[in-house]
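Here's the structure we're looking at; comments come further down.
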Amino acid sequence: MKRSPGRRSGFGTPPDRQILRSSELCALTPLQQAIFDSQQRRPDVPLCVSHYVDVAGTPDITSLQASIAQAGHEFGSDLILQASQGVVMTRIGKDGLDRIEVIDLRGESDPESAAQNWMGNESVRPLDLLSDPLTGSAVLVIGDARWLWYTRIHQIVLDGAGARSMTARAAQVYTALVRKTPVPLTSARSVHSMTDTEQAYRGSTRWDADRQYWDAKLAGAPVRTSLAEPGELTSAKPLVRSATVPPGVTASLVHLAESQSVTLSTVVTASFAMYLARMTGSDDLILRLPVPVRTTHSVRQSGGTMSNIVPLRLIVDPRVGVDELLRAVKFELVGALRHQKYRDQRLHQGPVLTLNLFPVVLTIGDAEGVLHGFSAGPVEDLDVAVSQVSRDAELEISFAANPDAYTGEALTVHHRRFLDFLELFSATEPRTQLVDVDSRTGMVWGSAVRHSRNLAYWSTVLASPAPELGLLAAPVGERSSAAIVIDPELYRGLEALADSMCTSMFVLLQAAVAGLLRRMGSASEISIGISVRGYGATTADEFVSMFANQLVLRSAVDTNVSLARLIEQMDDVIVDALIHADIRLSAVMAHVGDGRSVDSGPPFRVLVSAQDPIDTHPQFPEVMVGIPVGFDLAAMPEVYVALPIPQRNSDRHVQPIVGFFDCLSSPQQVDGLAFRFVRILRAMVDNSHTALGSVDLLRPDERKELMAATQPNPVIGDLSERFVQVALENPDAIAVTSDADRITYGELFVRSNRLAHKLIGMGVEAETLVAIHLSGSVNTVVAIIAVLEAGGAYFLLDSKGPALRQAFKLCDAQPHCVIADSEIPGQVFVSTDADGYSSERPQRTDRRGANALAYIQYSGRSYGLSVTQGAAIASGAAGIWGALLHGRTLIPSNDFHYPGEFPPVRGHSVYVLDDHLSPVPIGVPGEIYIIDGHLPRGYLRRPGKTAVDFVADPFNRDGRRLYRTGERGRWTATGQLEHLEYGARTASVRGVRVDLDEIDAVVTALPGVEDSITVVAATPAGGAVITYVRSAHTDSSQSIVDLNALAAHAMDHLPSYMVPDSFHVVDSFPTGADGNIDIAALPSPILAPIPAIRRVSDSSQR
């Protein structure tokens, strides 16, 4: 065909359209890269879309070839992938689009079936993305005047919507060619312009709004909804069952849609969701809805890969009507379509529902053709396609299933059952409850949904074993009991409080039990088991006669909430438990699936019962708590509580109400539990707005005993005065010795005095900071005493430590000068050579005694602790002063590390306090506070952190302070302080306190490291510091963090004793039910003689 010079623009390409040259290489778009990676993982399962057009007439192959080539060029489907320097790129091909395979099937006995079989086999033929054509077309002749135009395109080139638009454009070009008329201009946009649009969307407020929508919509949604067990996709060719819906049923569905002002798509979606709910027994479902993500006319006429599959969450409650379900489905469909561009939802598996209810009829030359979707790609589980080939035609429903998850028989049964159910659904009155749509199976479905709902609820509640209570335990096997006695006046007050709060006495007592155990133990979540009768039934006829079912009441208890709020929270927990009570606890534990059972979990740590039945809650008037019968537990829980309930025929207004505590504790501890339980009940009645943590649980004698430990602080001088006294008394004794040198106390006194005079001459005065950076042990001790004699304060720089660490200390402390072996750039240098100075002790009038600053302690911290001379002396034998102040010989080691903590030693007093700074009873965990007038001042130039860790002593009006150690402990009955745990993210390793958070901060500062978690692991040789690292790269090929870079980085920024013993790279960090990192589930550490990087996959040994 001849073309004029201006024919190009008339042939359908606008002048401003940018066409890539065939030699130009472009990077894959993010979506193309994701598709490429997915295809490489499963090369035998092609990610292709295919369709065909059923055309009446005979084809003009030459014109068809030309039209396909032009449309393909306009839509960018003439794409070729090419590896360039290890990176896959795209370029435009020169030819190939105009090749069409023509297959004449008229000689087959059933040409149409033969064509379907040919397309089915061809659509799953594997492709090599770097060598095979990514698009293909064929003409299947199945009659003298009928042919099928088949197209197959890989998703890396076009998605389903783009492929259909390209075929429509080719039909438009074909028609113009055979009719010899001008080809209309195309409005198709370039792939790269649409990529730019996508990138702009991801940085917009619309993206953020979509993210918030999907986060809220999918919160708590099921991860998987299916009619089959999971199956790995190994076959590209799915099982397919198709059938048409009878015309009468289609008409009824259309009528139902019109009567409820919804679309036919809404009705079909609702019917399949209801079928899925009935078959799975679940009322919370996920369907997956393919959407084109082409919201403008020009984008709908363009190529590229933009489609998405959005999750459609539907709640199908058997008790609602059909009309309510239709409204709900309409609402969810509208929301999903409004937010269809968002692609970052958490993966939810479910059947794919494709709705093609708008037939696509194309003009092809002088004939018409109907476009039929054939394949949208591999089927992971079940794809349900509902289509209508013409406006007057019947609906066609196809089920395509993964053959590794469904058998042919099972797929046939589901397909037939859905068609039958669709007929019932179409004939149902809109106000009919869903459970009554099919009277034959409705009750079974309702029961199944209740069971599924209850199972899901309890599986979430009991996802992890109950936390240990942390009570002070007695010797193994020893149980003790104590009576709970409530006087009639208090009981009447509790009844009045329950009435005023519209709750029950049982709720109040449960709240008191939970609050007590939170105050007395270390667990913030309290798990209580109760035995109920009724299983949540609403009529007495459905009750069972025994209290044979256990429920678990798990509540997170915050000591800062008021008692009224605690009661409200317990009310909510009990109501939720009773709503889901009609399922056996043993069945739930078996379903959890981690090997736990009712007696080995355990699901609760406390068992509460009532000697006489007691109503649980006003909303459940016939459900009661009693004594367990046929109890499932193999052994009694840690704590057993018999609630104080009035006995039958007793006068509650006169006689005391009695219950008891029984637990694995000493008699004194259990007696304390009973006493404190009544204290909390009394506080509820007196003032329910009191915070749980503010309720005074101490007996007067206990308070006196706990507060008696506070002693006046001894009078302490300063370090230099104490040292001078020792040196003058022991001039010939060896003060310091090392492999290379030694010095007597007399020599140390003389040398330190000379250096002190030198420092004073250089401007060192009271509390002037001086850094010390010396290699010799003797010289270092001389410098330390000299700085103190001059009135200053010192801090040490490790002569063998990381240079970056030293630079940080110098920048943070800003010393007046540095005593060193050699000059340090940017610092005032002072040598230890002071022979020309006086050996007499400097005469100073500004000595401040114990309150003078002695040194700045950095240890492993990223901040300096300002330690006074009194605090240094009060720390006893810790550090170098334990020797020098007592005339003993100092043998320096570890580069003069300071004591890492301020442990409770002689000279210090200790409190164990709760979150409200109140003393905790004996045996109760609390935070350890050190009391002393000679505590460190605080943190150098960090007043905020100082205010947090150094607090005013609430029991002393003389301005004394407390130091909160961050450690937890408790007093034993013998008066010993039992240490329970270190503060958050700190640990003691080889006798030195290590800040694990500081290690993580240093490690994550290295480029390429996304996150890290450092732990201390037990090994035969003692505790080892292990750091688990998560790479910033998701691509496994880039996820190995460089060993040398990470080890060097840690050594440059951390003291040597804080450098991890081993590094491990993991794909992800395991998390517990609370969303926090599950330390116990991290891979077992593999130790090496030097810090090492090791990659650990998710399946490695735990």
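At-a-glance table
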read-out: Enumeration of residues in segment 233-291 that are of a type in the set (Gly, Ala, Ser), farther than 18 Å from TRP445 by Cβ and not in a strand (DSSP E or B); value: SER235, ALA236, GLY248, ALA251, SER252, ALA257, SER259, SER261, SER265
read-out: Segment 117-133, subset surrounded by 13 or more Cβ atoms within 10 Å (Cβ to Cβ) and of a type in the set (Asp, Glu), residue farthest from ILE103 (Cα to Cα); value: ASP132
read-out: Any hit, segment 376-388, residues being aliphatic (A, V, I, L, M), touching a residue at least 40 places away in the same chain (Cβ under 8 Å), surrounded by fewer than 21 Cβ atoms within 10 Å (Cβ to Cβ) and under 30 Å from SER252 (Cβ atoms); value: no
read-out: Any hit, segment 663-686, residues being surrounded by fewer than 14 Cβ atoms within 10 Å (Cβ to Cβ) and farther than 24 Å from SER481 by Cα; value: yes
read-out: Residue that is surrounded by the most Cβ atoms within 10 Å (Cβ to Cβ), among those in segment 290-319 that are touching a Pro at 6+ places or on another chain (Cβ under 8 Å) and among the aliphatic types (A, V, I, L, M); value: MET306
read-out: Hits in segment 799-819 (condition: of a type outside the set (Lys, Arg), loosely packed, with under 14 Cβ neighbours inside 10 Å and assigned to a loop (DSSP other than H, G, I, E, B)); value: GLN814
read-out: Answer residue from segment 20-34, given it is part of a helix (DSSP H, G or I) and surrounded by fewer than 21 Cβ atoms within 10 Å (Cβ to Cβ) and is modelled with the lowest pLDDT among those; value: PRO30
read-out: Top-ranked residue in segment 37-59 [being over 39 Å from the mean Cα position of the chain (by Cα) and part of a strand (DSSP E or B); ranked as surrounded by the fewest Cβ atoms within 10 Å (Cβ to Cβ)]; value: ALA56
read-out: Condition check for SER426: in contact with a strand residue (DSSP E or B) (Cβ under 6 Å, 6 or more places away or on another chain), within 28 Å of VAL254 (Cβ to Cβ) and not hydrophobic (A, V, I, L, M, F, W, C); value: no
read-out: Pair list, Cβ under 7 Å, 6 or more apart: segment 120-137 residue closer than 20 Å to VAL379 by Cα, other residue among the small types (Gly, Ala, Ser); value: SER123/SER50; SER123/SER375; VAL124/ALA236
read-out: Within segment 322-338, considering residues that are in contact with a strand residue (DSSP E or B) (Cβ under 8 Å, 6 or more places away or on another chain) and surrounded by fewer than 19 Cβ atoms within 10 Å (Cβ to Cβ), the one modelled with the highest pLDDT; value: ALA328
read-out: Residues (assigned to a loop (DSSP other than H, G, I, E, B) and modelled with pLDDT of 85 or more) located in segment 651-664; value: PRO656, LEU664
read-out: Extreme residue, nearest to MET520 (Cα to Cα), among residues of segment 655-673 that are touching a helix residue (DSSP H, G or I) at 6+ places or on another chain (Cβ under 9 Å) and small (Gly, Ala, Ser); value: GLY672
read-out: Test: residue in segment 344-351 that is buried (at least 17 other Cβ atoms within 10 Å of the Cβ) and either more than 24 Å from SER398 (Cα to Cα) or of a type in the set (Ser, Thr, Tyr) (or both); value: yes
read-out: Qualifying residue in segment 163-179 (condition: assigned by TED's automatic domain parsing to the domain that holds GLY136, over 16 Å from GLY72 (Cβ atoms), at pLDDT 85 or above and assigned to a loop (DSSP other than H, G, I, E, B)); value: no
read-out: Conditions (1) buried (at least 22 other Cβ atoms within 10 Å of the Cβ); (2) touching a strand residue (DSSP E or B) at 6+ places or on another chain (Cβ under 9 Å); (3) assigned to a helix (DSSP H, G or I); number of the one not met by ALA756; value: (2)
read-out: Candidates ASP499, ASP541 - the one that is part of a helix (DSSP H, G or I), exposed (fewer than 15 other Cβ atoms within 10 Å of the Cβ) and modelled with pLDDT under 90; value: ASP541
read-out: Unique residue being within 30 Å of ASN121 (Cβ to Cβ), surrounded by fewer than 17 Cβ atoms within 10 Å (Cβ to Cβ) and touching a strand residue (DSSP E or B) at 6+ places or on another chain (Cβ under 8 Å) when the list is SER235, SER242; value: SER242
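Condition check ((1) outside any loop (DSSP other than H, G, I, E, B); (2) farther than 23 Å from PRO802 by Cα; (3) modelled with pLDDT under 80) across all residues:
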site: LEU962; (1), (2), (3): yes, yes, no
site: GLU967; (1), (2), (3): yes, yes, no
site: ASP1000; (1), (2), (3): yes, no, no
site: ILE1013; (1), (2), (3): yes, no, no
site: GLY1023; (1), (2), (3): yes, yes, yes
site: HIS1049; (1), (2), (3): yes, no, no
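The values are calculated or read from the model by the stated rules, or taken from the named source; none is laboratory data. Since the structure is predicted, the reported quantities are computational estimates derived from the model, not experimental observations. Neighbour counts run over all protein chains shown; Cβ positions are idealised from the backbone, glycine included.
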